[in-house]
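**Q** Pasting a structure below so you can have a look.
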Amino acid sequence: MSSAKEDRKDEVAELALRRGFLWQSFEIYGGAAGFYDYGPLGALLKRGLETEWRRFYGIGEGFYEIEATTIAPRDVFEASGHLKSFADMAVVCKGCKTFFRVDERINIGERCPECGGELVDAGEFNLMFQTKIGVPKGERDESAQKKSEGYLRPETAQGIFINFPRLLRFNRDKLPLGIIQIGKAYRNEISPRKSLIRLREFTMAEAEIFVDPREKNRHPKFDTVKDRAMRLVPGEGEETEMSVEAAVKKGIIANEYLGYHVAKVGEFLERIGIPKDKLRFRQHRKDEMAHYARDCWDAEFLSERYGWMEIVGVADRGDYDLSVHASFSNTDMSVHIQSDAEQEKLIPHVIEPSFGIDRIIYALLESSLYKEQVGKEKRKVLRFKKEIAPIKAAVFPLLNRDELKEKAKEVFQKLREESIFVEYDASGSIGRRYRRQDEIGTPYCVTIDYDTLEDDTVTVRERDTMEQVRVPVAEVKDVLLL
RNA sequence: GCGUCGGUGGUCUAGGGGUAUGACUUGGGCCUUCCAAGCCUACUGCCCGGGUUCAAAUCCCGGCCGACGCACCA
């Protein structure tokens, strides 16, 4: 670990902490690993990101958002496969202390595959948080006990799958059907680490797109993305750069629908400000694929601190989820396709872009932080895109004098009335106030000076260039919203 | 979960058995006609619990948290 990397990390975390973006939860009780709270600026930033995401998938793709529960009964995860995959027994090697999940080859009493040592029970390895729903009747009745078992969802997706019949009806029985959801998910990670990278409670934004499996190679809008250049790392083979169209044609990406959504993820991440040269798509190898996935591509961000890290996963879940829920719940999850001649029943396939919002927040913080020397001082700037910047503008009186303050407050109030989140600051020198805003990524500073009192114009100073333009007060809002 | 190292104002840090150092930040005041200037002033701290000791922030034990390595990440 180079010291440059250390510095970078410390700086991002230090700034985020000091300026009220995020910090460890439960600090006054000593903290708890894997939990972070968003402070005022962090919550604004996160909200802005979520708003952009909704704009992109909701308005842009025409997907409807739902809000399902975060707790679900045992049955849901029994069906989804999470109970089995998430709640296995674990063993640990007495020799090398390596931790293993129990499977066919590895069990208590066997020999450690690493060092040949003895494997002993290490307890249950349960990544889902368990809880009780209601007061179970019949304490000794095992099935009643199981009935009352509840789990905090480890992904938001299941809430969409189990509502599929209702959602399909809402969509008047037609495919494709896209549903989105933003919400918390929970995983009781063994060793959460690296600030926002591995949390026990985190926010996901997921889209589940249900498609006719026969149509997977015919996305109606594929033309709009086909030429997008993608940096791809296939499961087997070398990193390459090619168009989405080429990747689908060569069979590197399984089908058009998946290709379309991989491309869209790239488009979204660039739009919110993730630099293209720090972005690549990596395909899961067979052995790392989740139990539900047929093909999966991770969008990875190149962190200066942590190296390549997953921030979005785009999976082709096939008909896995709908099929298992159909069978476990004894519910028809099929779609009836009617054409002139015939009627068919089929289980749709699911394409799923799944965004780790907290990791994206980290990626935004790290990749937006720029430092430069200005005169004798160092300037720290968070170069957020306007759309996601927590504070949209700050209003200053040039000097701390009553006549300027009065006018500045008037302008400040006017901008608030335009629904623009602005701050007012009159403390310290004007330069200090500019720097304060730079550090939290405020795109514009509006300064009221003596000319303002004469002709009702102000200076609007741009964050990245530090250049100023003189604008009539009435037009300030247009500049800010550009 | 294992191992190594660590935890001092809001942030960063010096120190380390006898009332804790400095810088920055922040609040108030002065000054200031555009990029962290200057002056005055004020607030704020030894992760938690137990032990040793006349005395513990300092030493010992345990816990919690963090960084790194190993493992884990469906």
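**Q** Once amide H atoms are built 1.01 Å from N in the peptide plane, which residues 5 or more positions from A:Arg228, or in another chain, come under 5 Å H to H?
**A** A:Val244, A:Glu245
**Q** Could you tell me which of A:Ser429, A:Val471, A:Pro397 has its Cα farthest along the dipole of region A:391-481 towards the positive end, charges placed at Cβ (Lys, Arg +1; Asp, Glu -1), taken about the Cα centre?
**A** The residue sitting most towards the positive pole is A:Ser429.
**Q** For region A:162-169, take each phi angle, set θ = phi - 60°, evaluate the Karplus expression 6.51 cos²θ - 1.76 cosθ + 1.60, and give the result in whole Hz per residue in order, putting x for glycine and proline.
**A** Along region A:162-169, the couplings run 6, 9, 4, x, 5, 5, 5, 4 Hz.
**Q** Charges on Cβ only, +1 for Lys and Arg, -1 for Asp and Glu, centred on the Cα centroid of chain A; of A:Thr156, A:Gly235, A:Gly273, which one is farthest towards the dipole's positive end?
**A** A:Gly273
**Q** Something else about it: Looking at region A:41-72, which GluC sites (Glu not before Pro) are in a loop (DSSP not H, G, I, E or B) and have at most 12 other Cβ atoms within 10 Å?
**A** Here the GluC sites (Glu not before Pro) that fit, given the DSSP loop and packing criteria, are A:Glu67.
**Q** Hey, what number do you get for chain A at 222 nm if only DSSP H runs of n ≥ 4 count, each worth -39500 (n - 2.57), divided across all residues, to the nearest 500?
**A** -8500 deg cm²/dmol
**Q** So how much accessible area does A:Val473 have, in Å² to the nearest 10, using a 1.4 Å probe?
**A** For A:Val473, the solvent-accessible surface is approximately 10 Å².
**Q** In Å², what does the accessible area per residue of chain A work out to with a 1.4 Å probe?
**A** Ligands and nucleic acids excluded, the figure is 49 Å² per residue.
**Q** Continuing with this model, one more query. Packing-wise, with mean Cβ within 10 Å as the measure, how do A:322-330, A:398-406 rank, highest first?
**A** A:322-330, A:398-406
**Q** Below 8 Å, C-alpha to C-alpha, sequence gap of six or more: please give me the relative contact order for region A:323-482 in percent.
**A** 18 percent.
**Q** So, one more: What does the charge dipole of chain A about its Cα centre add up to, to the nearest 20 debye, if the Cβ of each Lys and Arg holds +1 and the Cβ of each Asp and Glu holds -1?
**A** It comes to approximately 720 debye.
**Q** If I fit a long axis through the Cα atoms of helix A:3-18 and take the longest principal axis of the Cα atoms of chain A, what angle between them do I get, 0 to 90°, rounded to 10?
**A** Long axis of A:3-18 versus the principal axis of chain A: about 80 degrees.
**Q** Got a sec to turn the phi values of region A:151-158 into Karplus ³J(HN,Hα) couplings, 6.51 cos²θ - 1.76 cosθ + 1.60 with θ = phi - 60°, whole Hz, x for Gly and Pro?
**A** 9, 6, 4, x, 7, 7, 3, 4
**Q** Right, something else. Relative contact order of chain A, please, whole-number percent, based on alpha carbon pairs below 8 angstrom and at least 6 residues apart.
**A** For chain A, the relative contact order is 12 percent.
**Q** Pop out the carbon and sulfur fraction of the accessible area of chain A as a percent, whole number, probe 1.4 Å.
**A** Of the solvent-accessible surface of chain A, carbon and sulfur hold 48 percent.
**Q** If you build the convex hull over the alpha carbons only and average its shadow over all orientations, what do you get for region A:391-481? Give it in nm² to one decimal.
**A** 5.0 nm²
**Q** When a/c reaches 1.5 or more, the comparison of a/b and b/c decides; with that in mind, is region A:133-207 rounded, prolate or oblate per its Cα gyration tensor?
**A** Because a/c hits 1.5 or more and a/b fails to exceed b/c, region A:133-207 counts as oblate.
**Q** From the alpha carbon gyration tensor of chain A, can you work out the equivalent ellipsoid semi-axes (sqrt of 5 times each eigenvalue) and give them in Å, largest to smallest?
**A** The equivalent ellipsoid of chain A has semi-axes of 45, 29, 23 Å.
**Q** Considering amide H positions built from the backbone, and no H for Pro or chain starts, which residues 5 or more places from A:Glu155, or on another chain, come under 5 Å of its amide H?
**A** Those qualifying (amide H under 5 Å, at least 5 residues apart or on another chain) are A:Tyr186.
**Q** Under 5 Å between amide H atoms, partner at least 5 residues away or on a different chain: which partners does A:Phe421 have, H built in plane at 1.01 Å?
**A** Those qualifying (amide H under 5 Å, at least 5 residues apart or on another chain) are A:Lys392.
**Q** Here's a follow-up. Quick one: Debye curve from the alpha-carbon atoms of region A:277-338 only, equal weights, vacuum; give me log10 I(q)/I(0) at q = 0.13, 0.16, 0.20, 0.22 Å⁻¹ to two decimals.
**A** -0.51, -0.65, -0.81, -0.88
**Q** Say the cut-off is 27 Å between C-alpha atoms; which of A:Lys226/A:Lys276; A:Lys146/A:Lys184; A:Lys380/A:Lys407; A:Lys146/A:Lys174; A:Lys278/A:Lys371 go over it?
**A** With Cα atoms farther than 27 Å apart: A:Lys380/A:Lys407; A:Lys146/A:Lys174.
**Q** Relative contact order for region A:274-374: what percent, with Cα pairs under 8 Å and sequence separation of 6 or more?
**A** 24 percent
**Q** Could you give log10 I(q)/I(0) at q = 0.19, 0.27, 0.28 Å⁻¹ for region A:428-482, computed by the Debye formula over C-alpha point scatterers of equal weight, without solvent?
**A** Scattering profile of region A:428-482, log10 relative to I(0): -0.65, -1.12, -1.16.
**Q** What share of the DSSP beta bridges in chain A is antiparallel, in percent to the nearest 5?
**A** Counting only bridges with both partners in chain A, antiparallel ones make up about 85 percent.
**Q** Additional query: State to the nearest 20 debye the size of the charge dipole of region A:391-481 about its Cα centre, where the only charges are +1 on K and R beta carbons and -1 on D and E beta carbons.
**A** So the magnitude is around 400 debye.
**Q** Quick one: grab the alpha carbon gyration tensor of region A:373-414, order the square roots of its eigenvalues as a ≥ b ≥ c, and give me rounded if a/c is under 1.5, else prolate or oblate depending on whether a/b is larger than b/c.
**A** Taking the square roots of the gyration eigenvalues as a ≥ b ≥ c, region A:373-414 is oblate.
**Q** Provide the per-residue ³J(HN,Hα) series for region A:50-57, in order, calculated from phi with Karplus coefficients 6.51, -1.76, 1.60 and θ = phi - 60°, each as a whole number of Hz, with x at glycine and proline positions.
**A** 5, 5, 5, 5, 5, 4, 5, 8
The values are calculated or read from the model by the stated rules, or taken from the named source; none is laboratory data. A quick note: this is a predicted structure, and the numbers were derived from the prediction, not measured. Please note: Cβ atoms are built from the backbone with ideal geometry, for glycine as well, and neighbour counts cover all protein chains shown. In case anyone asks, the SASA skips ligands and DNA or RNA and just uses the protein heavy atoms, side chains included. Shrake-Rupley method; radii C 1.70, N 1.55, O 1.52, S 1.80 Å.
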